[in-house]
Amino acid sequence: MRGRRNEKKKFSRILAFLSLVVIILTSIGLTSKSNAEKVNLGLDLQGGFEVLYQVEPLKEGQTIDEAAVKATADTISRRINILGVSEPVITVESGNRIRVELAGVKDQESARKVLSTQANLTIRDIDDKVLLDGSDLQENGASQGFDQNNKPDVNLKLKDADKFGNITSEISKRGQGQNLMVIWMDFNEGDSFKAEAAKEKPKYVSAPQVAQTINSKDVQITGNFTVKEAKEMAALLNSGALPVKLTEIYSNSVGAQFGADALNQTVYAGAIALAIICLFMLVIYRVPGFVASVMMVAYVYITVVFFNMISGVLTLPGIAALILGVGMAVDANIIMYERIKEEVRAGYPLKKAYLDGAKQSLWTIFDSQFTTVIAAVVLFIFGTSSVKGFATMLLLSILVSFITAVFGTRLLLSLLVNSNIFNNHPGYFGVSKKSIHETKFGINSLNLSTKFEWLSFTKHMKKFFALSIAIMIAGSISLGMNKLNLGIDFSSGTRIDVAANTELSIDKVQEDLNNLKVKDEKIVLSPDKKQATIHSKESFGQEKSIEIKEYFAKKYEKDANLSVVSPVIGKELAKNALFALMYASIGIIIYVAFRFEWRMGLTSVIALLHDVCIIIFITSLLRLEVDITFIAAVLTIVGYSINDTIVTFDRIREHMRHEKVLKSKEQIYKLVDVSLRQTLTRSINTVLTVIITVVVMLLLGSSSIYSFNVALLIGLVFGLYSSLFIAAQLWAVLKVRELNKKGKIEASVRQSPRERKENDKVLV
């Protein structure tokens, strides 16, 4: 009877597992398309443009305060309705600035004109004396109509018919050619009717004759309007004139096709990376690897659902953050699986091994991911535009990866373990029977031998320190000689991205620039030679930007993208990047010091700053472009680099609890060596999964985030290096100094109340 009952339990749990897997995958398959369609795409994925305006006084003595900036933002918002843009983003920023993001705009040039024009209507005489201005119009008194010849015109309603009658009476008495009322939009200092009248295309709208007194509130503005132009002018007049002057200090223009190509490339790269990681997990961890693969698919789905719930805007760096989150989700699973494997190797039954492994890994996962949260929060605070989108997605990815790893993976894995079907089959959990010890020998996870027993990390630590110092010196020399290849984000100027259906060449693009009279600083071709990135130190105005875009669109039948940055913005971005790195480092030191001890916090940050410096040095050596996405990558590495270090320190902390008292230098060094050897496989596998993602993104993803991916790749490789050869060894040096002062060290390590409770239970 008992055997039959056990068989029923076994069958019911396997059935529950399979049912859950089928429900999860079926639900995702049926609803993923509709969820994907609900995602709000940023302008870099669907085309559009972003512009940052500096709000400046329109008249001498005018004060620009918070109320004036807000009123300007409201006027801009009303004007956007003219364009028919859905979900525009208008943000008032410090320093009297207004950022406008318009995704999905097809006619970007027209939109730019609508936003930046003062819409200041004046009616003047031929001597440029103001007769009427916008204050004389009734509210919403402008409308599009047709004149007697059925040509589009703009109809205005005035507040005071008598005032208009007196003005027209005076003008009508002037001689032929003098009796004109000149209608201007955005009359600037230095403009004059007499100068413009001689031009083929004058700046003023029209200059009708006045032959008699007109006692009416109705005025018609005629000109060579299309219906669209007349409607646009009427709408602009109704939205109100801007009370200030808007100076464009940053702009980013992305063509719809360019955005679509970037989206397709990145999604394709992400799918390939996900497939490779799933295969890796299946090969290394077998059944748990299958569970991890299911939860990775669930992670992507849940993240997108949550992102839609918060009405997030998905950008290209945001997709990169989503895909990198896959690596973090895998990291969490690897940490737990390696713990389970250790317990199985120690000779414990699978069920106990699962419980202990899950329990011991919980806080390691939390600590390793929370440090990345610190970096992401700093990115969100100091970042702008797409960088904020990256930070938002990274934060959400970390949250969801923790949920799927801690709850989802544990739920599915507990069903398999408790079915007892794998009790005598450790191979299905990636453990060979030859490596399993008998419990009677008292072997546990802390004294398990590894295949890396021949490695001594502390014996050669001076060599590693010397190597790092040598790299630093060489990097500093290289940096001093070559400087950083600053992109326009930091150096100011214009970046032009050109796309074509045929192969481009440097000479061909150079010829185009000569035709446009644009002086280039650098021309870079994509690997397929169908895209070119041009850097110019010039910051082009609106008219020149339009000319450039129209030229390339006509020649190559694809939109060109322009990013224009003023010098003031470049300086601010550089300053913010420095502050972001500083605050992220301080935050990590505080957290690690609180959770572990201050020496671990300090050495962790020294190690990650070591990684940051190496990234910068190699970037300088390879002449990679340093832009705002590069900074995002560096700060991401600040979080990622410390992951493996945290895993190692967590194992060191366990050994310290077991040792209780540290009495000799040799004991400290041995503790570090053993901890590093025991976590080496885990460290390599966790980093390897993220490296797989980055390499695939580098090879198959969009060229727009090339620098981002290269910086991540360098950072991940050296992050692993610093975790293995720098951080723990530096801690050992500091610990030996403490030992020399005290004679012996009581190995007390902080634990939170929650952590102490988790010693007796595990979340399932």
Restricting to the stretch 525-563, count the residues that are part of a strand (DSSP E or B) and farther than 17 Å from Thr502 by Cα. 6
Verdict on Thr458 being hydroxyl-bearing (Ser, Thr, Tyr), part of a loop (DSSP other than H, G, I, E, B) and either touching a residue at least 60 places away in the same chain (Cβ under 8 Å) or touching a His at 6+ places or on another chain (Cβ under 9 Å) (or both): yes
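Rundown of residues vs (1) within 14 Å of the chain's Cα centre (by Cα); (2) more than 26 Å from Ser707 (Cα to Cα); (3) of a type outside the set (A, V, I, L, M, F, W, C); (4) at pLDDT below 90, yes/no style:
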| site | (1), (2), (3), (4) |
| --- | --- |
| Arg345 | no, yes, yes, yes |
| Lys352 | no, yes, yes, yes |
| Asp356 | no, yes, yes, yes |
| Gly383 | yes, no, yes, yes |
| Leu396 | yes, no, no, yes |
| Ser401 | no, no, yes, yes |
| Ala405 | no, yes, no, yes |
| Ser414 | no, yes, yes, no |
Quick one: would you say Ile692 is at pLDDT below 90, part of a helix (DSSP H, G or I), out of contact with any strand residue (DSSP E or B) (no Cβ under 8 Å at 6 or more places or on another chain) and not polar (S, T, N, Q)? yes
Can we say Thr636 is farther than 20 Å from Ser368 by Cα, surrounded by 19 or more Cβ atoms within 10 Å (Cβ to Cβ) and out of contact with any helix residue (DSSP H, G or I) (no Cβ under 6 Å at 6 or more places or on another chain)? no
Filtered residue count, the stretch 512-521, keeping only those that are modelled with pLDDT of 75 or more and either touching a strand residue (DSSP E or B) at 6+ places or on another chain (Cβ under 9 Å) or closer than 13 Å to Ala500 by Cα (or both): 4
Of the conditions (1) out of contact with any Pro (no Cβ under 8 Å at 6 or more places or on another chain); (2) at pLDDT below 85, the single one that Ile436 does not satisfy is (1)
Ala142 passes all but one of the listed conditions (1) part of a loop (DSSP other than H, G, I, E, B); (2) within 23 Å of Val244 (Cβ to Cβ); the exception is number (1)
Taking the condition of being more than 13 Å from Met336 (Cα to Cα) and either assigned to a helix (DSSP H, G or I) or touching a Pro at 6+ places or on another chain (Cβ under 8 Å) (or both), how many residues in the stretch 412-429 meet it? 9
Would you call Ala391 over 21 Å from Tyr268 (Cα atoms), among the small types (Gly, Ala, Ser) and not assigned by TED's automatic domain parsing to the domain that holds Ser723? yes
When you look at Ile64, is it modelled with pLDDT of 70 or more, outside the structural domain of Lys157 (by TED's automatic domain parsing), in a loop (DSSP other than H, G, I, E, B) and surrounded by 14 or more Cβ atoms within 10 Å (Cβ to Cβ), yes or no? yes
How many residues are more than 25 Å from the chain's Cα centre (by Cα), closer than 30 Å to Leu581 by Cβ and not aliphatic (A, V, I, L, M) if we restrict to the stretch 637-671? 5
Picked from the stretch 459-499 (must be farther than 27 Å from Tyr250 by Cα and basic (Lys, Arg)), the residue farthest from the chain's Cα centre (by Cα) is Lys459
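The values are calculated or read from the model by the stated rules, or taken from the named source; none is laboratory data. No experiment lies behind these values; they were computed from the predicted model shown. Backbone-built Cβ (ideal geometry, glycine too); neighbour counts: all protein chains shown.
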